[in-house]
Amino acid sequence: MELAGASDLREAEVTPRSVTPLVSVVIVTHGGGELLTRCISALRDNTREAIEVIVLDSASPDGTGEWARRALPDVKVHTSVANHGFGAMSNMGVLDARAPYVCFLNADVTVSPNWLPPLLEVLETQPHVGAVAPLMNNPDGTVQEYGSVVRADGWSEAWTDTSALFRRPVDYASGACLLVRRRAFFEVGGFAPEYHIAYFEDTDLAFALREAGWSTVVEPRSAVVHERHGISGSERALSLMQRNHGIFAAKWARRLATHVAIKPDSPAHHLAHARDLTVLERILVIDDTVPGDPRTRRLVEGLVGRDRLVTFTARYESKEDGHWLSVLGVEVAVVTDISDWLSRRLGCFDVVIVSKPHNWDWSARAIDTYQPQAKRVYDGSPLLGSDLEATAFTWADVAMCSTRTDVDRVIETVSPPTHMHVVGYSSPIVTNPLKARSGVVAFADSVLTEIWPTLHDWDAGLRLTLFSANQTDRPEVEVIGHVPNLPWHLSRARLAIAPARTPGLSTDLVTSMAAGLPFLTNPTGAEGLHLGDLTAHLVAETPADTLKQADKLLTDDILWQDVADHLLDLAAEHFSTRALHRALDETLLTCGLAPAER
C-alpha cells in the first residue's frame, strides 16, 4: 500500500537505541494512514528534542499498520488483529516506552514549531504536575480547546475563552495531545480498561491523576492543530460517548457532586467557579497597569503557589510585556468596567489586594458588592498620607506597608481597625567583582546639578548614567529613560547616588543592595534598609557630605569591598525572595490562607 504524501517524509534524526529519549510519542491508529503521514512529518520537522515514536495500529481496515512497518523503519510499529481502542492500545505503547515523559498524540494532530519545550518546562519545573497539554486549535485558526470544564453531570465543556491565556490547572485536557509524566501514569494504572474503544479515557485519567495528587495543566505557549477526523460526530461516536459517559459518571459520582451544574442559561459566574474548581485559593490583585510597578510585580510573583490561582487586574495597558505573568500561571485582565468584570466573577475570590489609593477608589464599591466574602487587603506602599489613603486603610481587613516606620505612621495618624503587616521588597542577587565595575549611576536629576559637576572635576574620566526622562548636553553623562533590566546596569557600576524626596522603602536602593553596589542616600532614603553600622558610610545629610562619602567609595577599594559585602548580606537577610515569601505568608495567614506551596 502506498499512501499519498509518504514520499515527502524526510529521513528521521533517529535517537540511537543507546541513548534514552526524553519523550516517547505514542500514536494509536485505526485507519487514516494519510493523517499518520502528515502527523509524523510535522513531528519530525518541528521537534528538536530526543524522541522516539511508537505507533500502535488497532486493526486498521486500510492496512495502515502494514504500511507503517514498511515505510517508517525508524518508528516502532505494533499491530493488533482486533480494535482494542485508544486506552488499551495507548497502555501497550507506554509499556514499550523508554522515556521519562510520554506524549499521547492523535494522528489527526499537527504539531507546530516549538510545541514541545514549553510542555517539558512545565513537567521539569513543577514536580506536582502529572500531565500538560497545549492549546488546541482548529485548522481555521480558531480555538478548539484550552482545557475543559467537567460539569456536575459528567459531561465536559471545552474552554475556548482566550481573553486571558495563561498556564493553568484544568479538570481535564484532551488526550489528542497530552504530555504525561510516565511515573504518574504508572502510579494511577494508566488509562482505565473499562472504557470501550474511545471517549472519556482521558477525562478519567485526569481525575485519577488528581485523586493521586497530580495536576493536569494547559500551557498555551504550546499550540497544535487538531483536525478531528475519525469517527468524531458520527452515530457510532455518540453511542460510544453515551456508553462511556455512564461508566465515568458512576465511577466518579462522589467527585462530580462537588462540580458546578452548568446549563445553557447559567450565569457567567457559574462558569468562572467551574473553571477554577481545580484550585483551593483565588487571589485578585488590582493595580494601575500590566505588569505593574516593581513592588507589585514582586508581590504577584510571591503570591503564586500550588493549588492557588492569582488574577492580576489592571486599569490600563503598559508598553512593557506582561507575558512573563502568564508563564508563571497568573491570569491577566485589563478592565475598564470593574463592576461588570467582578459581577461576572461573583463570589470567586478569597482575597482581594488593592494597591494605591486611586485604584481603591475605583474598585472598592464593586469589591464590596460582588466579592463580599473576600478578605480585603490594602497595599499602602508607597505611603502618601492622603485622606483617600486613610479611608482605604480603614476599609481593609488587612493592610501592608513596606517598612515598620510606615506601619507606625499609619497606626499613629489613622488608627485603622486593620491588621497591619510589613511586606518589603525582594531583588535577585546579580553582582560583579570590583574590577568589572566603573562609573556612577544616579536616580535623581538633582545629582546632575548638586553632586556630579564636582565629582567630574575631581576625576575627568568618570562617567555618569542617569536614570531620568530629562536629557542633558553633558557628553560624559548617559541618560536612560526606560530601564528594562536595572540589576544589569547596577552590577556594572561602582557607586549609586539616590537621594529620596518621600519616605518609604526605595526599591531602587534594594536593587542596588542586591547588586552589591554601594550607594549614597539621605536619611529619608535609608528608611527600612536596616543599614546599621553602614549608615556612617552610606547616608549623608547634605550635598557636601555626599561628595565626601562618594570620594571615599570611589578611591578606597578596601572600604568599597567591605561595604559591598555587607550590603549583599543585608539583601540576603531582609530582601531575598525567601524573606518576601515569609512576609506574604504571614499576611495571608491573617486572611485565612495557608502558606503557599511553591
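Table for the structure above
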{"item": "Charge dipole (the chain, unit charges on Cβ, about Cα centre) - positive-most of PRO475, ALA572, THR160", "result": "THR160"}
{"item": "Residue-normalised accessible area of the chain, given per residue in Å² at a 1.4 Å probe", "result": "43"}
{"item": "Cleavage-rule hits (GluC sites (Glu not before Pro)) in the stretch 179-239: DSSP loop, at most 16 neighbouring Cβ within 10 angstrom", "result": "GLU194"}
{"item": "Partner lysines for LYS552 [C-alpha distance under 29 Å; skip if fewer than 8 residues away on the same chain]", "result": "LYS435"}
{"item": "Tilt relative to the chain, helix 557-574 - C-alpha long axis, 0 to 90 degrees, to 10", "result": "50"}
{"item": "Percent of beta bridges antiparallel (DSSP, the chain, rounded to nearest 5)", "result": "20"}
{"item": "Neighbour cut-off at most 14 other Cβ (10 Å), DSSP loop, chymotrypsin sites (Phe, Trp or Tyr not before Pro), the stretch 367-470", "result": "none"}
{"item": "Cα-centre dipole for the stretch 331-473 with unit charges at Cβ (Lys and Arg positive, Asp and Glu negative), debye to 20", "result": "480"}
{"item": "Label-point gap, in nm, between VAL81 and THR289 - each point 7 angstrom along Cα→Cβ", "result": "7.1"}
{"item": "Rounded tilt (10° steps) of 33-45 against the dominant C-alpha axis of the chain", "result": "30"}
{"item": "At R0 = 45 Å, FRET efficiency that the Cβ-Cβ distance of ASP161 and HIS419 yields, to 0.05", "result": "0.80"}
{"item": "Between the stretch 106-143 and the stretch 446-512, the alpha-carbon center distance in angstrom", "result": "45"}
{"item": "Residues with amide H under 5 Å from that of LYS375, placed H, sequence gap 5 or more", "result": "VAL351, VAL352"}
{"item": "Cross-link reach list, aspartates and glutamates versus LYS251, counting only Cα pairs under 17 Å and skipping chain neighbours closer than eight places", "result": "ASP153, ASP171, GLU194, GLU201, ASP202, ASP204, GLU211"}
{"item": "Nearest 10 degrees, 0 to 90: helix 235-251 Cα axis against the chain principal axis", "result": "60"}
{"item": "Sites ALA253 and SER318, calculated FRET efficiency, Cβ-Cβ separation with R0 35 Å, nearest 0.05", "result": "0.15"}
{"item": "Computed FRET value (nearest 0.05) for ARG344 with ASP445, which takes r as the C-beta separation and R₀ as 56 Å", "result": "0.80"}
{"item": "Contour minus Cα-Cα distance for VAL304 and ASN432 (0.36 nm per residue)", "result": "43.1 nm"}
{"item": "Selection from PRO134, SER438, HIS358 lying farthest towards where the dipole of the chain points positive, charges on Cβ", "result": "PRO134"}
{"item": "Contour minus Cα-Cα distance for ASP140 and ASP459 (0.36 nm per residue)", "result": "108.4 nm"}
{"item": "Dipole of the chain, positive end: most advanced residue of VAL539, ALA594, LEU328 [Cβ charges, Cα centre]", "result": "ALA594"}
{"item": "Over the chain: helical MRE at 222 nm, DSSP H runs n ≥ 4 each giving -39500 (n - 2.57), nearest 500", "result": "-10500 deg cm²/dmol"}
{"item": "Phi-based couplings in Hz for the stretch 144-158 (Karplus 6.51, -1.76, 1.60; Gly and Pro marked x)", "result": "8, 7, 10, x, 9, 9, 9, 6, 5, 8, x, 7, 10, 10, 5"}
{"item": "Amide H contacts under 5 Å for HIS78, placed H, 5+ residues apart", "result": "VAL55, LEU56, ASP57"}
{"item": "Whole-percent carbon and sulfur share, accessible surface of the stretch 393-530, 1.4 Å", "result": "50"}
{"item": "Accessible surface of the stretch 27-162 [probe 1.4 Å, protein heavy atoms]: carbon and sulfur percent", "result": "52"}
{"item": "Within the accessible area of the stretch 210-287 (1.4 Å probe), percent carbon and sulfur", "result": "55"}
{"item": "For SER174, residues with placed amide H under 5 Å, excluding near neighbours", "result": "GLY147"}
{"item": "Simple label model, 7 Å out from Cα along Cβ direction - SER239 to GLU586, nm", "result": "6.7"}
{"item": "The stretch 548-598 - charge dipole about Cα centre, Lys and Arg +1 at Cβ, Asp and Glu -1, debye rounded to 20", "result": "240"}
{"item": "Inter-part distance where the stretch 177-194 and the stretch 279-354 are each reduced to a Cα centre, Å", "result": "33"}
{"item": "Net charge dipole size for the chain [Lys, Arg +1 and Asp, Glu -1 on Cβ; Debye, nearest 20]", "result": "1280"}
{"item": "Karplus (6.51, -1.76, 1.60) ³J(HN,Hα), θ = phi - 60°, over the stretch 362-378, in Hz, Gly and Pro reported as x", "result": "6, 10, 4, 5, 5, 4, 4, 7, 10, 10, x, 7, 7, 6, 9, 10, 10"}
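The values are calculated or read from the model by the stated rules, or taken from the named source; none is laboratory data. Everything numeric in this text was worked out from a predicted model, so none of it was measured. Neighbour counts are summed over all protein chains in view; Cβ atoms, including those assigned to glycine, are modelled from backbone coordinates with ideal geometry. Protein only, heavy atoms only, side chains kept; ligands, DNA and RNA dropped before computing areas. Shrake-Rupley method; radii C 1.70, N 1.55, O 1.52, S 1.80 Å.
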